[in-house]
Structure formats: structure tokens, C-alpha cells
């Protein structure tokens with residue numbers, strides 16, 4: 001498993017539009033066979049800050065996700081909403097898949 005945390009800060013006036021676009025992207029992403037989970041969380045103390053938690057079955061799935069139409073739509077739609085460039089941190093799963 002490859003877990004990616006994508007940190008996003010959006011412009012305050014774009015929070016609702018970002019939420020809507022990101023929820024749509026997440027709904028489509030979870031349908032991809034290589035994605036085990038795709039969560040969107042929003043900071044309680046600063047509604048303009050989000051983390052996307054993407055859990056991929058393998059490295060090929062991370063590349064395949066970026067080739068999907070729904071990812072391209074999301075990427076292009078949210079680009080002007082960003083208050084700062086998004087960042088990501090990648091993790092390896094340590095608990096066996098069987099658990």
C-alpha cells in the first residue's frame with residue numbers, strides 16, 4: 001500500500017467550490033481498481049485547509065490515477081482556487097493487507 005497525504009490550502013472565497021469539485025473527484029477515484037480508499041478531510045480551525053488521504057494498492061495505481069479524466073477535470077478546476085501550491089507526503093503501509 002502507498003498512502004499519500006495531499007495538503008491543500010484554498011482561497012477562503014473558494015472553499016465551497018473546492019469542496020464540491022474534490023468530493024466529485026473522490027467519488028470517481030474510489031471506483032478505480034487501484035485505489036483502496038480516498039478520503040477528503042477539512043481542518044476544523046481553518047476551513048480553507050484540506051488533506052486528501054489517498055490509499056493506493058501499488059505504485060502503478062498512483063500513476064494510473066493521474067491519467068484519469070476525472071483527475072484532469074479536478075486538477076484544472078481547482079488550480080485557480082489554491083492559496084498556495086499543494087504539497088504531498090507519501091507513506092508506505094506497515095500493517096499487512098490481511099488485517
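The values are calculated or read from the model by the stated rules, or taken from the named source; none is laboratory data. Quick caveat: nothing in here was measured; it's all calculated off a predicted structure. Backbone-built Cβ (ideal geometry, glycine too); neighbour counts: all protein chains shown.
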Checklist entry - Which members of segment 50-66 meet the condition of being over 14 Å from residue 18 (Cα atoms), within 13 Å of the chain's Cα centre (by Cα) and without any contact (Cβ under 8 Å) to a residue 60 or more places away in the chain? => result 53, 54, 55, 56, 65, 66
Next on the checklist: Quick check on this structure: which one of 77, 69 is touching a helix residue (DSSP H, G or I) at 6+ places or on another chain (Cβ under 6 Å), at pLDDT 95 or above and within 14 Å of residue 21 (Cα to Cα)?
Outcome noted: 77
Next on the checklist: Of the residues 72, 79, 84, only one is outside any strand (DSSP E or B) and over 14 Å from the mean Cα position of the chain (by Cα); which?
Outcome noted: 84
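Taking the residues in segment 67-78 that are out of contact with any strand residue (DSSP E or B) (no Cβ under 9 Å at 6 or more places or on another chain), within 19 Å of residue 11 (Cβ to Cβ) and touching a residue at least 24 places away in the same chain (Cβ under 8 Å) as candidates, determine which candidate is surrounded by the fewest Cβ atoms within 10 Å (Cβ to Cβ). Let's see the steps before the verdict.
Step one: of segment 67-78, the residues out of contact with any strand residue (DSSP E or B) (no Cβ under 9 Å at 6 or more places or on another chain) are 67-77.
With within 19 Å of residue 11 (Cβ to Cβ) added as a condition, the list becomes 74-77.
The next check asks that each one be touching a residue at least 24 places away in the same chain (Cβ under 8 Å); those that pass are 74, 77.
Details: 74: 20, 77: 16.
Among those residues, the one meeting the criterion is 77.
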Item to check | segment 1-17: number of residues that are more than 12 Å from residue 82 (Cβ to Cβ) and in a strand (DSSP E or B) | outcome: 4
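Is it the case, given these coordinates, that residue 38 is touching a strand residue (DSSP E or B) at 6+ places or on another chain (Cβ under 7 Å), surrounded by 11 or more Cβ atoms within 10 Å (Cβ to Cβ), modelled with pLDDT of 95 or more and in a helix (DSSP H, G or I)?
So residue 38 does not fit the description; no.
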